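Encoded as structure tokens, the structure appears first; notes follow it.
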Amino acid sequence: MTIGEADVHRRRFLTASAYSMAATVLPLGYVKEMAERTAAARGGAVIGAAEVSAVRDMVGLFAEMDERLGGQHGRAAFVQNLITDIVPLCQARFRNDDLRCQMLSVASSAAHLAGWKAYDSGEQGLAQRYYMQSFALALESGEPGQDGFVMCTMSQQGMKLHRPEHCLDLAASGLARAHDQVPAPARALFHITHAHALAKTGQRRQAVAEIEAARTALDTGRGDQVPFWALAWGPPEATVVSRTAKVLEDLGDHRRASQYYAHAAASRPSDTYARIVALDLVAAAESQLNQGSVEEACATWSRAMDHMDGVASARTRKAVRNIRRNLAPYRCRGLRCAADLDERATSFLTRV
């Protein structure tokens, strides 16, 4: 199946596909420009740097909308663009091999974003399929480290779904592919993913060492340019802080985990990264609850919900359902803040 077609026909695809470790619309000007470039390519025109830049800009715009409005927003438009414009451009004639490799790298980022959108919509098998397509394109492009980055994404998906099989191997292999080949800020992302996988497998000392390796990479790489593909998770520094919180949580250090989650949320502009800010705050509240700070957790959950309006995401809806479940014992005891927040959460779920 050609890249993107699984999403267009995802109802049929999803009936026969499950997750397995084994295996806003663009501005009209952009739409018109991409259509013209694709038509020219189909007519035999030679593809140059302008076409590569146009696809990169388009993927960047959709990625920005995804962070601000959720993965379900603009998803159909993006996948259609992937099929009708990006795929034909990848198959066109190029001025030189370097430009072809650049286009394949950007196409890999596009497939990665399509996978991220499917993941955020709760369609894990489809997300995995996109990630595998992204990996194949990255491998073919020869872009140093990009194939390993996709492996890290697949490792994170497996850990999030509580399917740890092969997650450590994926993270370790991704890190090995990036070793000394990518700028330090990007390398930090590989280290922190490896740390997370180590924590999941109970290797505490090694996980802590990898957290330090990620921090060192960030410190030594300040001011270095970050590759386009490595921005898929947002700014590296905020990502490392957020994922450090996940590692600490898995290691049982709930106090520091809640601090890191709060720091990660504060380090991102909330108008641009509404979804991840909300999810980091939800996680911070859960860590606070694990410490017995119920009222503090309610206040943090309330702040998280402040950022959820207008975000079309299965993950934010799931987070709100989890809030209600966590509040249930305290609501039954008559705790006012729990009752008020539960009412707000119920109202939110009936609106989306």
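Summary of values
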item: Check on residue 277, among the β-branched types (Val, Ile, Thr) and outside any loop (DSSP other than H, G, I, E, B); result: yes
item: Matching option when the condition is part of a helix (DSSP H, G or I), in contact with a Lys or Arg (Cβ under 7 Å, 6 or more places away or on another chain) and open to solvent by less than 40 Å² (accessible area, probe 1.4 Å), among 137, 126, 82; result: 126
item: Check on residue 310, surrounded by fewer than 23 Cβ atoms within 10 Å (Cβ to Cβ) and out of contact with any helix residue (DSSP H, G or I) (no Cβ under 9 Å at 6 or more places or on another chain); result: no
item: In the range 190-207, the residues that are closer than 22 Å to residue 227 by Cα and either surrounded by fewer than 23 Cβ atoms within 10 Å (Cβ to Cβ) or touching a Lys or Arg at 6+ places or on another chain (Cβ under 8 Å) (or both); result: 192, 193, 195
item: Long-range neighbours under 7 Å by Cβ, at least six apart or interchain, first residue closer than 16 Å to residue 232 by Cα within the range 264-282, second small (Gly, Ala, Ser) and open to solvent by 20 Å² or more (accessible area, probe 1.4 Å); result: 277/270
item: Condition check for residue 107: open to solvent by less than 50 Å² (accessible area, probe 1.4 Å), part of a helix (DSSP H, G or I), among the aliphatic types (A, V, I, L, M) and over 24 Å from residue 274 (Cβ atoms); result: yes
item: Within the range 153-183, tally of residues that are open to solvent by 10 Å² or more (accessible area, probe 1.4 Å) and closer than 14 Å to residue 239 by Cβ; result: 1
item: Number of positions in the range 57-79 that are open to solvent by 20 Å² or more (accessible area, probe 1.4 Å) and not in a helix (DSSP H, G or I); result: 2
item: Exclusive hit being more than 21 Å from residue 157 (Cα to Cα) and part of a helix (DSSP H, G or I), set 237, 212, 286; result: 212
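The values are calculated or read from the model by the stated rules, or taken from the named source; none is laboratory data. Since the structure is predicted, the reported quantities are computational estimates derived from the model, not experimental observations. When we count neighbours, we look across all protein chains shown, and the Cβ atoms used for this are built from the backbone with ideal geometry, even at glycine. Side chains included, ligands, DNA and RNA excluded: accessible areas come from the protein's heavy atoms. Shrake-Rupley method; radii C 1.70, N 1.55, O 1.52, S 1.80 Å.
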